[in-house]
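Below is one structure, written out as structure tokens; the observations come after it.
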Amino acid sequence: MAFDWISDKLAELHKQGYQRQRATVDYEKDGIISIGGQHYLHFASNDYLGMRHDEGVQQTWVEGIAQYGAGSGASPLVTGYTTAHSALESYLAEHLNREAALLFNSGFAANQALLQALFAQPGNIVADKLMHASFIDGAMSSQAVFKRFAHNDPEHLKALLENVLPTNSLIATESVFSMDGDQAPLKKLAHIASEHGCWLMVDDAHGFGVLGEKGLGCAESADLSQCEVPVLMGTFGKAVGTAGAFIAGSRQLIELLINTARHYIYSTAMPPAQALATLYSLEQLRDGRRQKTLNDNIHYFKTRMHDSGFKTTESQTAIQPVLTDGPKQAVALSEALKQRGIWVPPIRYPTVPKGTDRLRVTLSAVHTRQDIDALSDALQLAKEAES
Ligand SMILES: *Cc1c(COP(=O)(O)O)cnc(C)c1O
């Protein structure tokens, strides 16, 4: 029979505690999520600044639909590229001090497109061990030799580079790591890249919108020029509150992508209204007000967790992992929090390395101190009930 391994595979995942299920959300707003008719305090969104429900963002999106229609109707190379897309690209290029920027439908597509375009011919990719799946898949299916350096370890990177010729070589990292919330030593990596004559690529999915006084991400917070980071990738689906992604860099890099990136050429452009709403959101984030509230919340949560007996990390960002003893404890704790009206999903292998299963708490500017108190208290109670 065809594909009869599927049932074995599912049974095995179930037995190991790795089977995944989706939750169907009824609605979600102001830090509350409703699932199956129940309300929960929501500590699982990447909407770190509450921009998804910003009235101006929503209004701009609606006006964009009235002006341009619901969808873009075609690939950007046919008729899908509008003045709305062009305005967002120009804003990104100007404020990030890059020559040009290009929009993609998702960060997943942007990473794949980039690697496929840059490595249509042989080369080398040396990337942080904890890069996102979209980057790893792109690297593995490219023509490049793919090596990984130990997480946030510039010395290991240097050692690997000793056997790598600079021609067609790309070093890659994330700015803020998606499962751990820790940050890469970007200035150091940029220095290593330039000494070795390689390019540095930064995936700023979790930094764009939050890092920097104006929310322009790691390029602003770490003051990184196009020369230091020739390939800058960011996404709009997280802190910016809409969806989609961009790559910013030299005019030539963008021209190469427009001409050869299959994810760009053979995919319908993002709806123009989405581009308009994204630009509006970026403009709103420039005052830094929401970022300040988020940072106060991060600080408060860390203070509350300090004496809790839970293993937390050094993360200074909205992503605050609470490590558990294996995948089953992660599921049990998540379930116990759910009973107390709090939504924090377990994150397990293969999303994170084996043995580092966790609850991934994400904080947002929409949370109040009372929300964070409720989470900290519930974690404490769940732990006491367990032992
Ligand atoms: C979320 C994420 C992506 C993918 O972006 P989407 O727009 O959601 O497809 C890529 N890289 C990292 C590090 C991410 O966290």
* Structure fact -> Quarter of the surface of the C-alpha convex hull for the stretch 320-387, i.e. direction-averaged projected area in nm², equals 4.5
* Structure fact -> Here the longest stretch of the chain that holds no GluC sites (Glu not before Pro) in a DSSP loop having at most 16 other beta carbon atoms within 10 Å is 214-313
* To do: May I ask you to derive the relative contact order of the stretch 72-270, considering only C-alpha pairs under 8 Å and at least 6 residues apart, and to give it as an integer percent?
  => 28
* Assuming R0 = 45 Å, what is the FRET efficiency of K328 and K188, from their Cβ-Cβ distance, to the nearest 0.05? -> 0.70
* Length released on extending from L10 to H151, taking residue separation times 0.36 nm less the Cα-Cα span -> 47.7 nm
* What list of whole percents do you get for P(r) of the stretch 72-270, with Cα-Cα distances grouped in 10 Å bins up to the one holding the largest distance? -> 9, 39, 38, 12, 1
* To do: Mind giving me the nanometre distance, one decimal, between the label points for V62 and R22, set 7 Å out from Cα along Cα→Cβ?
  => 2.7
* Scan the chain and report its longest stretch carrying no trypsin sites (Lys or Arg not before Pro) that are both in a DSSP loop and have at most 11 other Cβ atoms within 10 Å. => 23-353
* Nearest-0.05 FRET efficiency for E386 and A87, computed from C-beta distance (R0 51 Å) -> 0.45
* Asked: Want the number for C227 to D377: 0.36 nm per residue separation, take away the alpha-carbon distance, what's left?
  -> 49.3 nm
* Cα centroid separation, the stretch 302-321 to the stretch 47-78 (Å) -> 35
* Asked: Taking the stretch 36-97 on its own, what percent of its Cα-Cα pair distances exceed 20 Å?
  -> 53
* Kindly provide the Kirkwood hydrodynamic radius of the chain in Å, to one decimal, from all pairs of distinct alpha carbon atoms. => 22.0
* Asked: When the dipole is taken about the Cα centre of the chain, and only Lys, Arg (+1) and Asp, Glu (-1) are charged at their Cβ, what size is it in debye, to the nearest 20?
  -> 520
* Proximal aspartates and glutamates to K188, defined as alpha-carbon separation beneath 14 angstrom and excluding residues fewer than eight positions away on the same chain -> D128, D153, E155, E174, D223, E228
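Given K158/K292; K129/K302; K147/K338, which pairs have Cα atoms separated by over 32 Å? Please report the intermediate quantities before stating the final value.
Numbers: K158/K292 36 Å; K129/K302 26 Å; K147/K338 40 Å.
Over 32 Å Cα-Cα: K158/K292; K147/K338.
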* For the pair H306 and E213, what calculated FRET efficiency results from E = 1/(1 + (r/R0)^6), where r is the Cβ-Cβ distance and R0 = 25 Å, to the nearest 0.05? -> 0.35
* Asked: Distance in nm between label sites at D296 and I258, each 7 Å beyond Cα in the beta-carbon direction?
  -> 4.5
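We did not get these values from a lab; they are worked out from the coordinates using the rules stated. Here the structure is a predicted model, which is why all the values come from computation and not from measurement. Positions of Cβ are backbone-derived with ideal geometry, glycine not excepted, and every protein chain shown enters the neighbour counts.
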